[in-house]
Amino acid sequence: MLVALFSMALPAVVSAQGLSGMTISPLMFRNQVGAGQKATLQLQVQNLQQDSLNIRLSVQPVEFDDWTYNPKFGGTPAHDCSNWFTSPELNQIVLPNNQGLLNLPMKVPHIRPGVYWCEVRVSPHFQNDPSTINPEYQIPVILFVGSQPRPSLKLGTPKLVLDNKVEQIEVPFENPSEGFTVIGATVELRQAATGRVIGTYYDLDRNLYPGTKRNLVFSVGELGEGQYLITSKPQAGTRSFSPMAARFNVTKTGISEASANETYELSPITFDPASILVQMPAGGERSAVLHVINNSSKPTAVKIEVRALSQGMDGAFDVGTTPPIGPLVVTADPETVQLDPGRTASVRIAISTSKDATGDLWFGVSAGSQDSHEISEQIYGNIRLPGGIPKLDLKQTEIKKIGQYPYFIGFEIANSGNMSLKPIPFAQVLEQGLTPVANLQVPVIGGGGILPGSVLRNSILLPPNLKPGVYSVSIKYQYGQDLFATLNVPITIPAGGKPKPKAGKAK
Amino acid sequence: MPGPYFFESKLRSLKSSKMSVMASVAIFSILGPLALLLVPAQQRSIFTFNSSQASAWPVQHYAQAPIIIGSKRPQGMGGEQVSVIGNFGGTFSISGIGSTSSSRSDELINITTNLPLTFLAANFTILYVGGAQANTAGSITYEMQLYAGTAASVGAPLTGAVGGTDNMFNNSGFSLSAGAIPANGQVVLRLSRTLNLTQYAEGANTYTASGIINLTIN
């Protein structure tokens, strides 16, 4: 999800009512482009002050240090796209209480398919601000040319480390492949002796570039002496992986491992086709043939398992550890195949449903080797039955405010029907509930699809420069020609709620 | 300015292109390697989602930032923003003659976010006076930490403190993970500066150090 509002203010200039300073949008570019194509990336800067704002912008090659992911500038990385920009440097004045559009035209060269990246460094400086320590926005530009290779990941067990006298958990990811993905993790910290949960932590939507290594870091504060159990559930793309656990001892002298660090790799086994889609009547029986391919250089025994499939609130799919339940029975035959290097085997997937089944049913199929350090390959299956009822519901969960100024609306999208849907989201701010004054971008969660029974979490940000008045924020998810889920959120910008006009002065 | 009716009409006009994509998906399903179980094209005008669309490795993932192709105008923005005001200081005016005393100043900077953020110190320098290096006169020790709450009401620390002296502060930083963001989205960044003077420091001078705090959602 790429929605953020990020405001910083000195105590002396904290606006009790609203935002101040400047806003910049977007915070990251991840775009599909075509070889030979001309395009323009555009940054929008809103100056909320009464001082002129000078924006200095530079597009630069970037690499990332292993594990810390600190950016390194000045190199010439192989996947650089900074030289695609025809005006890689820009200086622009944004007048007080005005908006500036910073255009970055580029020409994509005729280049081989893959992912290319660079970073836009934006240095804002308000007139009359004597500060010598300043913020700099670093906006990643990630451009996908043509079809993308599939990532090949290595996932490590979580680690408990000491950083500046404070314990923190690190969840390691390695991407030795040419494929790009985003990663996340949910982490649980327990006291090993009692099983008491000390805390749960999560992070998501972090970039993992090809050929890089990265830790996701979670600060846990100071821990007392004892043994601790850490369980991490990593995520990459829209796939959740099985939990990984590690134990650590915390003593006066430091932290020591109570269990070995392990690294897991994605299985070299693949399926063909990469998904199963079947339409059948209720009570019917069907079968499909899956080809299982051993892409490794060693013979292996492959175990095929049919499992329940669920979808998390961030849109990720999770293949469970038990067979699907309900009106669906799916079996694999054979359940184990012996495969020499480069060889393919056929597995029959038998599907049957009960007579009262309706709508869409889902399941996962996994193929794992006997190597316990390999993560099984997974594909998703979808059975379509008559009697599907499409229904989406939107529910407001929260409104966040800065002072009296509302800036964030959180909401849930629930698929309360029995069909799998891929809606198109829209949002507008309507003045007096009638006149549109702003179109808002609604993030697409996961791959954009919602399984029956799933609930996704989403949010939108409101423009920082709404004038005082009464508005209605209309959020719509269109999931058919005449099918809309609608959420109307009334908001009020109080008379004192407009952005604070004056910046603080430097010390 | 068009009213809500226009809004609805605009949505409807998107239907035809969307449905042709759906038809393509259905045709692909029919002609795909899983030919034993044919799936007739969906006739209902419903935006359905199927397993062939449920890739574990979507190319664009979640972000769909504005991009202008050819002469097309950008789509409406406003969903993604970052704003900043503030100063982190950097200048010390010294009166009196050189001393070994130190003075500390804390900047508490309010941040409101609903995204994971990374903070990183970069380009921090030694002391300068009038454009000339003045590291013999002293140094500045920095410390940075993130807390829940606001500058007026600082809450529990969300990260450990990181620090360093002069340019040794560079590459110090931390991440605010998505799960660590307080429910109201409000956190405080503390940047502390401690000036350590030597006997070579001269009064009536303005000593300056510069640096950058990088902010990224990376």
Take the residue pairs A:Lys154/A:Lys298; A:Lys303/A:Lys422; A:Lys213/A:Lys401; A:Lys400/A:Lys476; A:Lys165/A:Lys233; A:Lys107/A:Lys400 and return only those whose Cα atoms are more than 28 Å apart. A:Lys303/A:Lys422; A:Lys213/A:Lys401; A:Lys107/A:Lys400
Select from region A:128-236 those GluC sites (Glu not before Pro) which occupy a DSSP coil region and have at most 16 other Cβ atoms within 10 Å, ordered by residue number. A:Glu178, A:Glu222, A:Glu225
With 10 angstrom as the radius, rank A:Ser369, A:Ser297, A:Ser232 by how many other C-beta atoms surround their C-beta, starting from the fewest. A:Ser297, A:Ser369, A:Ser232
Summing +1 for each Lys or Arg and -1 for each Asp or Glu, what net charge is found among the other residues whose Cβ lies under 11 Å from the Cβ of A:Glu119? -1
State the volume of the convex hull built on the alpha-carbon positions of region A:22-79, expressed per residue in Å³ and rounded to an integer. 147 Å³
Compactness ratio of region A:310-374: Cα Rg over 2.2 N^0.38 Å, N = residue count? 1.39
Kirkwood Rh over alpha-carbon pairs of region A:255-399, then Stokes-Einstein at 4 °C and 1.567 mPa s: what D in µm² s⁻¹, rounded to an integer? 76 µm²/s
Value of relative contact order over region A:94-177, rounded to a whole percent, pairs C-alpha under 8 Å and six or more apart: 24 percent
What does the structure give for A:125-134 when I average, per residue, the other chain Cβ atoms found within 10 Å of the residue Cβ? 6
Residues in region A:401-432 near a label at A:Ser472, defined as backbone nitrogen under 16 Å from the 7 Å Cα→Cβ point? A:427-432
Could you list B:Thr141, B:Thr118 so that the one with the fewest beta carbons within 10 Å of its beta carbon is first and the one with the most is last? B:Thr141, B:Thr118
The answer for the net charge of residues other than A:Gln168 whose Cβ lies under 14 angstrom from its Cβ, with Lys and Arg +1 and Asp and Glu -1, is -3
Could you please rank A:Lys72, A:Lys391, A:Lys159, placing first whichever residue has the fewest other Cβ atoms within 10 Å of its Cβ? A:Lys72, A:Lys391, A:Lys159
³J(HN,Hα) across region A:81-98 via Karplus (A = 6.51, B = -1.76, C = 1.60, θ = phi - 60°), whole Hz, x for Gly/Pro? 10, 5, 7, 7, 7, 7, 10, x, 10, 8, 10, 9, 9, 10, 5, x, 6, 10
With θ taken as phi - 60° and the coefficients 6.51, -1.76 and 1.60, list the Karplus ³J(HN,Hα) couplings across region B:209-218 in order, rounded to whole Hz; mark glycine and proline as x. 10, 10, x, 10, 9, 7, 10, 8, 9, 4
Radius of gyration and Dmax for region B:111-167's Cα atoms, expressed in Å? 15.4, 43
Region B:142-218, convex hull of Cα, quarter of hull surface, nm² -> 6.9 nm²
A:Asp340 to A:Ile389: FRET efficiency via 1/(1 + (r/R0)^6), r the Cβ-Cβ distance, R0 60 Å, to the nearest 0.05? 0.80
Computed label-point distance, nm, for sites A:Lys107 and A:Glu398 using a 7 Å Cα→Cβ extension: 4.8 nm
Can you figure out the FRET efficiency of A:Ser296 with B:Arg104, using R₀ = 35 Å and their beta-carbon distance, to the nearest 0.05? 0.05
Shape call for chain A, from the Cα gyration tensor axes a ≥ b ≥ c (a/c under 1.5 means rounded, otherwise prolate when a/b beats b/c, else oblate), comes out prolate
Neighbouring partner chain Cβ atoms per residue of A:27-35, average, 10 Å criterion: 5
Using +1 on the beta carbon of Lys and Arg, -1 on that of Asp and Glu, and nothing else charged, what's the dipole of region A:331-484 about the Cα centre, debye to 20? 680 debye
Using a simple spin-label model with points 7 Å from Cα along the Cα→Cβ vector, what separation in nm is obtained for A:Asn488 and A:Gln99? 2.5 nm
Counting pairs of alpha carbon atoms under 8 Å apart in space and at least six apart in sequence, what relative contact order in percent does chain A give? 13 percent
How much length would be gained if the chain were fully extended between A:Ile255 and A:Arg56, taking 0.36 nm per residue of separation minus their Cα-Cα distance, in nm to one decimal? 67.2 nm
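All of the numbers you see were taken from the coordinates with simple rules; none came from a lab. Here the structure is a predicted model, which is why all the values come from computation and not from measurement. When we count neighbours, we look across all protein chains shown, and the Cβ atoms used for this are built from the backbone with ideal geometry, even at glycine.
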